[in-house]
């Protein structure tokens, strides 16, 4: 757990928030590494930190960073006046002393006791969106703790952080990320390039993605690209239109209509209006998450599928292509997450794209699959596949 810089006397509200975050981190950690600057004498904030750590009841390793030389190592002795027993000089920039620090951390870690329990497949929910869309506020509402610092300056959350949440007897793992930004912004600021990768990795690690959109700012091109990434990677998707409490009823409707227009390529994704900061709409959002998890993992029996498929073919058989009759023999569900179906045919390449879309629409009409993409593959008798 990497916290912000500890400065309890600062008037900056962001610094005050970091102090609260430090206290929460102390409660949850097993070992504390307190980093001070070897090039300067102890500051009041260092004294406050040392006093706080003495009462934490956790193993503490004091580290003097920027000790790039033997002389700098000797300068670090001034920190003994804080009442600490030992201090470890390192240079994070040059890698000096890092191996010793790693050993010290492992020496202080508690023994891991393996408990034989059945594996629990806890749904993983990635909360993703542009900077300042309200992602961290939503995580804080769901977890009941200020796990991430929430500030009105865009991009104040940089890392992807997992939070285990229990609501109404059900566990969820929430994956919150820094906002995805445009590529040209990423080039200007390298940290944002990391944020993009973290967001994409979070999508790949998740079962369900909650796409947070700032209703007041309106949907943007990047939001559509995120939805496209989610669709391409076969994850369930829920659209959370945040900050609707700041809009009039007419403006809310316009924001919803515009969002649906831009995201027309994922009509199966449900939309929920929320106020993450005030906690409004959270119960409805959780209900949608539960539904999406179930639909993403839903399997239809082969017999039921083929009874349905016979009705589809009888109502609207596939058109002839290139003077060749296209025959569809049977359908089966090959996998879940996302639901994937295979249709056996005499000519996969001749199944027209409009008919493929028709089949997908009929599957959704009969079986639902609200909130999740579905895949339909066409395979020939000899293993040819489209």
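What the table below lists for this structure:
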item: Qualifying residue in the range 249-260 (condition: in a loop (DSSP other than H, G, I, E, B), assigned by TED's automatic domain parsing to the domain that holds residue 170 and at pLDDT 95 or above); result: no
item: Near pairs, Cβ below 7 angstrom, 6+ apart or cross-chain, from the range 305-320 (free of Cβ contacts under 8 Å to residues at least 40 places away in the same chain) to any residue that is part of a helix (DSSP H, G or I); result: 318/355; 319/355
item: So residue 302, is it more than 25 Å from residue 228 (Cβ to Cβ) and touching a residue at least 24 places away in the same chain (Cβ under 8 Å); result: yes
item: Boolean, residue 328 is surrounded by 18 or more Cβ atoms within 10 Å (Cβ to Cβ), farther than 30 Å from residue 121 by Cβ and modelled with pLDDT of 95 or more; result: yes
item: Qualifying residue in the range 43-61 (condition: surrounded by 13 or more Cβ atoms within 10 Å (Cβ to Cβ) and more than 21 Å from residue 19 (Cβ to Cβ)); result: yes
item: Positions within the range 218-237 being over 13 Å from the mean Cα position of the chain (by Cα) and touching a residue at least 60 places away in the same chain (Cβ under 8 Å), in sequence order; result: 220, 222, 223, 231, 234
item: Residue within the range 192-206 that is surrounded by fewer than 16 Cβ atoms within 10 Å (Cβ to Cβ), in a strand (DSSP E or B), modelled with pLDDT of 80 or more and assigned by TED's automatic domain parsing to the domain that holds residue 248 present; result: no
item: Residue that is at pLDDT 90 or above and not in a helix (DSSP H, G or I), where the choices are 30, 41; result: 41
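The values are calculated or read from the model by the stated rules, or taken from the named source; none is laboratory data. Fair warning: this is a prediction, and the values are worked out from it, not measured in the lab. Cβ atoms come from the backbone with ideal geometry, glycine included; neighbour counts cover every protein chain shown.
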